[in-house]
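Worksheet: one structure, shown below.
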Amino acid sequence: MIFLHIQKVDIFGRQGRPIPPSPDPFQWISENYKFYLAFENSNCWYYITEKVTSNSLRYGLVPIVLGARKEDYVNTLPPHSYINVDDFKSFQDLANYLLYLDKNHTAYAEYFAWKEYGYIYVNKRLDCQTCGFVHHLNARKLKLNNISWQYFMNPSRLCFDRPLLPLYSNHS
């Protein structure tokens, strides 16, 4: 897990320091941080994981997203509830924007305006529901024909290359 603390990046978990003991670690994080780096491990269409919903939006952290296509985030998440890395020319521009949000409470609060009009439903037991669904399908003897596994297993159809942003920008 990686969290952004404005001036530096704090890394928690296996590759970083341990999260202080807490009944709810993300509650502790949300009390100490404003942003969450919700970087996916693949750049694939529709690939938006719990990093965005369960780990950040649910706890009042603004997710900084990278992974899915821009339109996937637009079509899936509440408007103005996240920061997309692809909206910036460089990581320096992104860092400057985060510093601006840290100092401008009104602009930062706009990332939570969506809560007046809706909510994020986070299913904690999707694995159980998936098993139940499959069991239900098996009970009905459902037969699927003409499944093209090559389509689903072909990364070139669903995943894409992404140019990395420059780490430094000398323009202001």
Subject >> Those residues of the range 36-69 which are closer than 21 Å to Glu116 by Cβ and not hydroxyl-bearing (Ser, Thr, Tyr), in sequence order >> reply: Val52, Leu57, Arg58, Gly60, Leu61, Val62, Pro63
Original post:
Only one of (1) part of a loop (DSSP other than H, G, I, E, B); (2) under 26 Å from Glu116 (Cα atoms) fails for Pro20. Which number is that?
Top reply: (2)
**OP:** Determine the pairs where a residue that is closer than 14 Å to Ile120 by Cβ, located within the range 28-54, has a partner that is basic (Lys, Arg) with Cβ atoms under 6 Å apart, the partner being 6 or more residues away or on another chain.
**Re:** Ala38/Lys51
**OP:** Could you tell me whether any residue of the range 51-73 is surrounded by fewer than 18 Cβ atoms within 10 Å (Cβ to Cβ), at pLDDT 90 or above, of a type outside the set (Asp, Glu) and in a helix (DSSP H, G or I)?
**Re:** yes
Subject >> Options Gln15, Gln92: the member that is over 21 Å from Cys159 (Cβ atoms), touching a residue at least 24 places away in the same chain (Cβ under 8 Å) and more than 17 Å from the chain's Cα centre (by Cα) >> reply: Gln92
Original post:
What is the number of the single condition among (1) touching a strand residue (DSSP E or B) at 6+ places or on another chain (Cβ under 8 Å); (2) in a helix (DSSP H, G or I); (3) under 20 Å from Val9 (Cα atoms); (4) among the aromatic types (Phe, Trp, Tyr) that Tyr100 does not meet?
Top reply: (1)
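The values are calculated or read from the model by the stated rules, or taken from the named source; none is laboratory data. As the structure is a prediction and not an experimental result, all values here were calculated from the model. We place every Cβ from the backbone using ideal geometry, glycine too, and count neighbours over all the protein chains shown.
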